[in-house]
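**Student:** First the structure, then my questions, so here it is.
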Amino acid sequence: MCVLFFAMCSGNTDPSEIKIESVRTSSTLYSDDDRYVADNLIDRTLKAWSEGEAGSGIGEIINIFFSNEITISSFYIYNGIPKDFYENNRVKTLSVNNQKVRVEDRNGLQQVTLPQPITDSEPGLVIEAVYPGDMWDDTCITEICFENKELFATNDQRYKNISF
Ligand SMILES: [Ca+2]
């Protein structure tokens with residue numbers, strides 16, 4: 001018990017031990033086969049999440065739950081849905097713990113640097129602006145990965161389905 005208490009309070013968790021435990025979104029586009037679920041954001045495959053609110057997706061929220069507090073200076077995002085990229089909305093501006101960042105309109109994984117590093121175990125991302133789709137008014141994101149050299153080294157195999 002003493003050891004456990006010390007570990008919980010030490011604040012010195014090995015970064016390689018920090019994992020994304022879950023993700024939660026404010027909405028999800030319904031489909032019979034659960035094609036657009038929030039878990040697709042962190043599944044390390046090209047399956048995508050789509051928001052499901054009426055309208056373009058502005059104001060929709062993504063919460064990432066880490067196993068421990070982590071300091072994040074940048075992250076990777078695969079914008080849109082790869083197969084129907086231009087048919088659906090893509091994210092143009094994200095607010096990450098109230099810091100606004102621009103996301104490029106590109107079908108592939110890109111790195112986004114935060115104006116200031118954040119330290120949090122449950123960072124929140126809010127869609128602030130979108131690139132409109134040619135056919136559908138649904139905003140999609142394929143993947144979100146947080147930069148941390150140790151994390152990447154540890155989870156290297158999990159990225160094998162994404163080329164970047
Ligand atoms: Ca995915």
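The values are calculated or read from the model by the stated rules, or taken from the named source; none is laboratory data. Fair warning: this is a prediction, and the values are worked out from it, not measured in the lab. With ideal geometry, Cβ positions are generated from the backbone for all residues, glycine too; neighbour counts draw on all protein chains shown.
**Student:** Go through region 20-34 residue by residue and tally those that are part of a loop (DSSP other than H, G, I, E, B) and of a type in the set (D, E, K, R).
**Tutor:** Step one: filter region 20-34 for residues part of a loop (DSSP other than H, G, I, E, B), giving 26-34.
Going one step further and asking which of them are of a type in the set (D, E, K, R), we end up with 32-34.
Residues that pass the stated criteria total 3.
**Student:** Also, quick follow-up: Considering only residues that are surrounded by fewer than 15 Cβ atoms within 10 Å (Cβ to Cβ) and either in a loop (DSSP other than H, G, I, E, B) or in contact with a Ser or Thr (Cβ under 7 Å, 6 or more places away or on another chain) (or both), which ones fall in region 87-103?
**Tutor:** Passing the criteria: E87, N98, K100, R102.
**Student:** For the condition crowded, with 20+ Cβ neighbours inside 10 Å and within 16 Å of E143 (Cβ to Cβ), what is the one hit in I72, I77?
**Tutor:** The conditions single out I77.
**Student:** So which residues in region 35-52 are at pLDDT below 95 and either assigned to a loop (DSSP other than H, G, I, E, B) or more than 14 Å from the ligand (Cβ to nearest atom) (or both), if there are any at all?
**Tutor:** Result: D43, R44, T45, L46, K47.
**Student:** Considering I81, I58, which residue is at pLDDT 95 or above, part of a loop (DSSP other than H, G, I, E, B) and within 13 Å of the ligand (Cβ to nearest atom)?
**Tutor:** Only one candidate qualifies: I81.
**Student:** Next question, about the same structure. Checking the condition acidic (D, E), at pLDDT below 90 and in contact with a helix residue (DSSP H, G or I) (Cβ under 7 Å, 6 or more places away or on another chain), which residue from E150, E143 passes? Lay out the reasoning, then the answer.
**Tutor:** On the way: E143 fails: at pLDDT below 90.
One residue alone meets the criteria, E150.
**Student:** Something else now. Can you tell me which residue within region 105-133, out of those that are within 15 Å of the chain's Cα centre (by Cα) and either among the charged types (D, E, K, R) or not in a strand (DSSP E or B) (or both), is farthest from N63 (Cα to Cα)?
**Tutor:** G108
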